[in-house]
Amino acid sequence: MARAEIIDGTATARALRARVADATARLAADHGVVPGLAVVLVGDDPASQVYVRSKSRALAEAGMAAFDHRLAAGTTADQLDQLIGSLNRDPRVSGILVQLPVPPPLEVARLQAAIAPDKDVDGFHVANAGRLAQGWPAPVPCTPLGCLILLRQRFGTGLSGMRALVVGRSNIVGRPVAQLLLNADCTVTVAHSRTADLAAECRRADILVAAAGRPGLIRGDWIKPGATVLDVGVNRLAPAGADPGAKPRLVGDVRFDEAVEVAGAITPVPGGIGPMTIACLLVNTLAAAQRRAGLPPMPEAVP
Ligand code: NAD
């Protein structure tokens, strides 16, 4: 059997970011609107600081405004409510993102509920999750949106009737991916940590989306020959060898070396879903600004 096609998320994300930048320039020229994203970071988690920096860079490259709010780890829920309330009212702010995780005792659900649904570019607000579940237009969480864009690029409307398995049921990835696939007329199964026979579920799937956060969980002989595999997992493993300065290795939830011999197409880690996530944050920020201006959102925001 031929080796799988490698789905190049980096190239697709680059092209998507260029389309966002063009549409952003048109929005500014024709309507005087500059999309802006407020990013709220609480505490000093080093990985979160890296993510926030790369988001700010991506916004600037797309011609958007970034409003960074860095708060001390001891910030209270009431103080955050006040900040989010003022961002909800600020006309320069099209979208609001609270970088996760937040330090305890802050509760993610309370913060997400405080963001105005039309500024919820992460798509985590319960109103937007509900809209997605009902098949209504809504801001869609960025990683799931990235998955759908890659699948639409490959199959278009041919997704209809395909058998899809989503491994993972988090609110951030698994559940919204399953909703999107259902809205695209796939026959969807959701597997999770209590699923009885994960290998058997995988073997039935034409589309397999792995989002469990378990390195190498899915073996090559679990994959249906010719299936399309999206590996969302990002797992950091200790570097091989004894070099103390070596960086951790990133691996997905799928055994890539095995899966590539069986699948029809597969996303690598890194270079698959990761770059699509940040491109989709730009899509959602632009779409929020477009909707606010009474204009239709760019088509990619409505998968
Ligand atoms: P999570 O821990 O919130 O959820 C994991 C889900 O996987 C749970 O529903 C759990 O039931 C399921 N699961 C765990 N072990 C399992 C097993 N052995 N068999 C079947 N199901 C199992 O994680 P999350 O936030 O959904 O993220 C999942 C993965 O995706 C992580 O590796 C995360 O780093 C990655 N991620 C990547 C991006 C990206 O941009 N590429 C974005 C978000 C998350």
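The numbers here are math on the coordinates, done by the rules we state, and not lab data. These numbers were taken from a predicted model, which means no experiment stands behind them. Cβ placement follows ideal geometry from the backbone for every residue including glycine, while neighbour counts extend to all protein chains displayed.
Quick notes
- Residues of the stretch 140-163 that are more than 16 Å from the ligand (Cβ to nearest atom) and in a loop (DSSP other than H, G, I, E, B): S160, G161, M162.
- Filtered by the rule that a residue be of a type in the set (K, R), over 19 Å from L150 (Cβ atoms) and in contact (Cβ under 8 Å) with a residue 40 or more places away in the chain, the stretch 167-214 gives a lone residue, R204.
- When V166 is tested against (1) more than 9 Å from the ligand (Cβ to nearest atom); (2) surrounded by fewer than 24 Cβ atoms within 10 Å (Cβ to Cβ); (3) of a type in the set (V, I, T), just one condition goes unmet, and that condition is (2).
- Listed by position, the strands (runs of 3 or more DSSP E) contained in the stretch 223-303 that have at least 2 residues being closer than 22 Å to A15 by Cβ are 228-231.
- Identity of the residue in the stretch 170-182, within 12 Å of the ligand (Cβ to nearest atom) and touching a helix residue (DSSP H, G or I) at 6+ places or on another chain (Cβ under 8 Å), that ends up nearest to G158 (Cα to Cα): V177
- Candidate set from the stretch 169-182 (those that are assigned to a loop (DSSP other than H, G, I, E, B) and of a type outside the set (S, T, Y)); member that is surrounded by the fewest Cβ atoms within 10 Å (Cβ to Cβ): N171
- Listed by first and then second residue, the pairs linking a residue in the stretch 35-46 that is farther than 10 Å from P101 by Cα to a residue that is hydroxyl-bearing (S, T, Y), with Cβ atoms under 8 Å apart and 6 or more places separating them unless they lie on different chains, are P35/T24; P35/S94; P35/T285; G36/S94; G36/T285; L37/S94; L37/T285; V39/S56.
- Residue list for the stretch 53-73, restricted to those being within 12 Å of P35 (Cα to Cα) and free of Cβ contacts under 8 Å to residues at least 60 places away in the same chain: A60, G63, A65, A66, F67
- Those residues of the stretch 183-199 which are more than 10 Å from the ligand (Cβ to nearest atom) and part of a strand (DSSP E or B), in sequence order: T187, V188, T189
- The stretch 220-250, residues that are without any contact (Cβ under 8 Å) to a residue 40 or more places away in the chain and under 12 Å from G272 (Cβ atoms): G233, L250
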